[in-house]
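Values in this text are rule-based calculations from the coordinates and carry no lab data. For clarity, every value in this text was computed on a predicted model and none was experimentally measured. Cβ atoms come from the backbone with ideal geometry, glycine included; neighbour counts cover every protein chain shown.
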């Protein structure tokens, strides 16, 4: 098919996420390799968002493609109550890699499913009904995780699962907790403790956080926050669940983002980079005391595709590629390079308000930013990027900088050169206001 036929048939017969179908302008993709996407009519785009912040090792890595083929030739699927060699090997591999005493894993098909099952684990283990979550969070689009989510996509899906209590983040959209990171941490945790007391500590099973807030800002936690939060929740026997679906598997320059804070959560959820999205897979990791509980008590949860052999075989090789090829170190090494490009954009373009990144997890904000609103200039900016060979996400008045972790300095510069040219459109819109 050419681009036009591909787009027309997809829009005629399929439904797109978070969109009215008639307003969708999908990217026609026929293949992908390394950090590039290719279209049917000779198009090429630099993938500056790893699709959904998920293709961490880059596209079509031959080792992972071969592993998928190898697993498909051996064993594709068995029912969840079976034991398989690939299930044994991936569980053992993750136990050796995930910090602390997180040694037991429940396999799902997505990050949303992982968070759904983490809710079940937390409630069944503690016997408590309530869950704390933050307003600048995104935890998935299934029924329960949509209610965990704090961002505006939650609202059209309400009411959903009861028992979620949303709290303000250390980095709210407009309000500030203080003038420096230490003050911000102190004030936000003081507020959080008061909320816990209002809700009744004995009624709260867990608090879910994106260790680094993803879609809603790419916000690393302020200094001391993770340690302070860990101590606060421990004081009330509330579990800490770190959602590492976006931030995990090297994206921040460490295997998991919670390692930057020197803590270990009670439960960690993961997906995306677990297989680099080559095949769907998510997982819930449990600390030993929680896993021990379910050795004697039934875990009331189940999935047809739990521990799907083809998915597990893909994950094992994707993890090995990530580590063997030094991609986590590359993300850490390129963090200051990306920061330098971002500073250059801010110095040159009056429309650029600020930026931040941790590893290769970054975002740039413009002065056209408004909560849950998109300025027409940002749409024009997004079209310019696409027409000039760059794929990334433009949301509200910000844009993402989350390339595959295999990107080189030269390819990073290529992406920022296109962004540089495109920001002239945003500058013009700012001047016209």
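Mean separation of Cα pairs under 8 Å and 6+ residues apart, divided by the residue count of region 305-401: what relative contact order is that in percent? Show your work: numbers first, answer last.
Numbers: 96 pairs, mean separation 19.7, N = 97.
Computed value for region 305-401: 20 percent relative contact order.
Using only the alpha-carbon atoms, what does the chain span along each of its principal axes? Please give whole angstrom values in decreasing order.
Projected onto the principal axes, the Cα atoms of the chain cover 62, 57, 42 Å.
Under the √(5λ) rule applied to the eigenvalues of the Cα gyration tensor, what semi-axes describe the equivalent ellipsoid of region 1-117? Give them in Å, descending. Walk me through the numbers before you get to the answer.
Details: eigenvalues 229, 68, 53 Å².
Each semi-axis is the square root of five times an eigenvalue, giving 34, 18, 16 Å.
Let me see the P(r) profile for region 191-268: every Cα-Cα distance counted, bins of 10 Å, each bin given as a percent of all pairs.
19, 51, 26, 4
Tell me, what is the percent relative contact order of the chain, built from C-alpha pairs under 8 Å that lie six or more residues apart? Numbers along the way, then the final one.
Values: 812 pairs, mean separation 90.3, N = 433.
Rounded, it is 21 percent for the chain.
Let me have the relative contact order for region 5-65, percent, based on Cα pairs under 8 Å that are six or more residues apart.
Values: 54 pairs, mean separation 14.4, N = 61.
Reported as a whole number, the value is 24 percent.
Looking at the square roots a ≥ b ≥ c of the eigenvalues of the Cα gyration tensor of region 220-327, which shape do they give, rounded for a/c under 1.5, prolate if a/b is larger than b/c, or oblate?
Numbers: a/c = 2.56, a/b = 1.16, b/c = 2.22.
Here region 220-327 falls in the oblate category.
Taking 2.2 N^0.38 Å as the expected size of a compact globular protein, what ratio does the Cα radius of gyration of region 289-359 give against it, to two decimals? Could the numbers behind the result be given before it?
On the way: Rg = 21.5 Å, N = 71, 2.2 N^0.38 = 11.1 Å.
Relative to the rule-of-thumb radius for its length, region 289-359 sits at 1.93.
Could you tell me the center-to-center distance, by alpha carbons, between region 87-106 and region 37-79 in angstrom?
24
At each listed q (0.15, 0.18, 0.28 Å⁻¹), what is the log10 of I(q)/I(0) that the Debye formula gives for region 172-236 modelled as equal alpha-carbon point scatterers?
-0.51, -0.73, -1.35
Distance from the Cα centre of region 363-377 to that of region 387-410, in angstrom?
Measuring centre to centre over Cα atoms gives 16 Å.
With a 10 Å radius around each residue's Cβ, average the other Cβ atoms per peptide and rank 201-214, 15-28, 366-379, highest first. All intermediate terms of the calculation are to be shown ahead of the outcome.
On the way: 201-214: 22.8, 15-28: 10.5, 366-379: 15.8.
Order by mean packing, descending: 201-214, 366-379, 15-28.
Quick one, can you get me the convex hull of the C-alpha atoms of region 67-180 expressed as volume per residue in Å³? Kindly include the intermediate steps, with their values, before the conclusion.
Values: hull volume 21.9 nm³, N = 114.
Cα-based convex hull of region 67-180, divided per residue, equals 192 Å³.
Sort 253-263, 138-148 by the packing proxy (mean of other Cβ within 10 Å over each peptide's residues), most packed first. Don't jump to the answer; show the numbers that get you there.
Working: 253-263: 20.4, 138-148: 22.3.
The densest-packed peptide leads the list: 138-148, 253-263.
Return the calculated 222 nm mean residue ellipticity for the chain, to the nearest 500 deg cm²/dmol, obtained by summing -39500 (n - 2.57) across DSSP H runs with n ≥ 4 and dividing by the residue count.
Details: 13 runs with 176 residues, N = 433.
Using -39500 (n - 2.57) per qualifying helix, the result is -13000 deg cm²/dmol.
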